[in-house]
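Trainee: Dropping a structure here in structure tokens format, bear with me for questions.
FYI, it's all coordinate maths here, none of it is from the lab. Since this is a predicted model, take the numbers as computed values, not measurements. No Cβ is skipped: glycine too gets one built from the backbone with ideal geometry, and neighbour counts run over all protein chains shown.
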Amino acid sequence: MSRLLRWGLPIAFVAVVLGLAVRHHYVLDSRRLDAAIKAELPPGTPKTQVVKFIQEWKPQFCDDLGTHVKARITGRAENLIYRKDVILDFEFDPNGRMLSYTEKIYLSFI
């Protein structure tokens, strides 16, 4: 029994640490993304700063459509089974200042 504890506990610890590392790297936390947008991109933010913010999240695509910037950020859902896509749409005034944004979340089975 002591041999099982001697080997089992370190192996279990390594498995938990690896699981947390994989989860942190691949899971797209949409709540954290939304909180970051609210904290870093208040209304009136210049378009260049919004695009820079989006690029930091490594989007699948980011399109500048003039008065709108649309982006798709892809990752795993919290359960690691589904794919999560977050579609962001930032709206700008004619001077290039952000007016608002919308966020849509889609889950798909892999």
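Trainee: Fewest Cβ neighbours within 10 Å first, please rank PHE109, PHE92 accordingly.
Mentor: The order, fewest Cβ neighbours first, is PHE109, PHE92.
Trainee: Related question: Which whole-Hz couplings ³J(HN,Hα) result when phi for each residue of the range 45-55 is put into the Karplus expression 6.51 cos²θ - 1.76 cosθ + 1.60, θ = phi - 60°, listed in order with x for Gly and Pro?
Mentor: 5, x, 4, 4, 5, 5, 5, 4, 4, 4, 4
Trainee: If the reach is capped at under 19 angstrom between alpha carbons, list the lysines near LYS38, excluding any in the same chain fewer than eight residues apart.
Mentor: Filter leaves LYS47, LYS52, LYS58, LYS70, LYS104.
Trainee: I've got another one for you. Would you mind checking the radius of gyration and Dmax of the range 28-109 based on alpha-carbon positions, in Å?
Mentor: 12.8, 42
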